[in-house]
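Asks: Can you keep this structure in mind? I'll have questions shortly.
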């Protein structure tokens, strides 16, 4: 089912799982033209009128759970890309009217495993984008146990490469499930890398051209990774900031039950590690909140019944030292926006 209405301004993308079917919608309000690079900021307390632009019901068994829509240029016009937990397929639709870009027909990009991650977008240099997506939802298609892979698709929908991420340090096997989204950026080598952690005890840095593992990787994590890594300049140096669960015991990387956030260099060397008594399923964000220098902000999940479960934690990006923590009255696995 697809419907269109009127002149389209300031698109708002929404995905939903309706029973067993997935739905992608675009809404329009009063503001900027479709595809505007920098949407106009809306003043506080301003009423924004939103109306349905188009809706695309993706079909039975296509429910979208927590994969967020991302915007990619696949053919010269912006498109939304998103993954389905229920059937493991990646969908693309033009932002303007919901039509499907050439090479991205429904059912043509089904990975065989549920998708909870948000597809990442990788500029190709030609003005178009590749799409990188991870699979292996713990609650979706073929999730017992979750089996994961990472795929890179070209703008025309062709598979450029796919591979599993073996759990080198744990027992999750050759295709550990992956819920974290790929992080893409220059990790300090001067070249673009893909960084992603798994449900095993591993985090990888990959060459986006081939999917091959960068020298010095994978690195061991303290436990399963649900959080998407950040790649950002800290002290003038491109740095990876990764969050994960933590579990104590023989051979443990960090000997505590809870969570960990740490920095990693391009070659996989750990800088600092920040300890918490609750898992870190919130993806860390890096920024400067008050002009006093870069910080890392993150929330937590809820597993160990730790006091950090409802905390928004902010640490110094250079040292990992606690700046402040605000308790919000409910566990904080959503990722901060700065």
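Asks: Quick check: the distance between the Cα centres of region 120-173 and region 44-115, to the nearest angstrom?
Replies: Value for the Cα centre distance between the two parts: 17 Å.
Asks: Calculate, for residue 256 and residue 212, the FRET efficiency according to 1/(1 + (r/R0)^6) with r their C-beta to C-beta distance and R0 45 Å; round to the nearest 0.05.
Replies: Result of the calculation: an efficiency of 0.85.
Asks: What length, rounded to one decimal in nm, is gained on full extension from residue 248 through to residue 328, with 0.36 nm per residue of separation minus their alpha-carbon distance?
Replies: Here the answer is 26.1 nm.
Asks: Calculate the spin-label point distance for residue 302 paired with residue 128, positioning each point 7 Å from the Cα along the beta-carbon direction, and give it in nanometres.
Replies: About 4.5 nm separates the two model spin labels.
Asks: Going by the alpha-carbon gyration tensor, a ≥ b ≥ c the square roots of its eigenvalues, is region 80-208 rounded (a/c under 1.5) or, if a/c is not under 1.5, prolate (a/b greater than b/c) versus oblate?
Replies: The shape class here is oblate.
Asks: Shape verdict for the chain, please, from the Cα gyration tensor: rounded (a/c under 1.5), prolate (a/b greater than b/c) or oblate.
Replies: The shape class here is prolate.
Asks: Follow-up question, since we're still on this one. In percent, what relative contact order does region 189-338 have, based on Cα pairs under 8 Å that are 6 or more apart in sequence?
Replies: Dividing the mean separation by the residue count of region 189-338 yields 16 percent.
Asks: So, one more: Report, to one decimal in Å, the Kirkwood hydrodynamic radius for region 231-338 based on all distinct Cα pairs.
Replies: 13.8
Asks: Evaluate the distance, in nm, between pseudo-label points positioned 7 Å from the Cα of residue 162 and of residue 110 along their respective Cα→Cβ axes.
Replies: That separation, rounded to one decimal, is 1.2 nm.
Asks: For region 170-315, what value does the Rg/Rh ratio take when both radii are computed over Cα atoms and Rh is the Kirkwood radius, given to two decimals?
Replies: 0.95
Asks: Shifting gears a bit: In nanometres, what is the gap between the two model label sites at residue 68 and residue 49, each 7 Å from Cα along Cα-to-Cβ?
Replies: It is 2.9 nm.
Asks: Right, next: Return 331, 153, 303 ranked ascending by Cβ neighbour count within 10 Å, so the fewest neighbours appear first.
Replies: 303, 331, 153
Asks: Counting only C-alpha contacts under 8 Å and six or more residues apart, can you give the relative contact order of region 117-214 as a whole percent?
Replies: RCO, region 117-214: 22 percent.
Bear in mind these aren't lab numbers, they're just calculated from the coordinates by the rules spelled out. Note that the structure is a prediction, hence the values are computed from the model and not measured. Here Cβ is always computed from backbone atoms with ideal geometry, including for glycine, and neighbour counts include all displayed protein chains.
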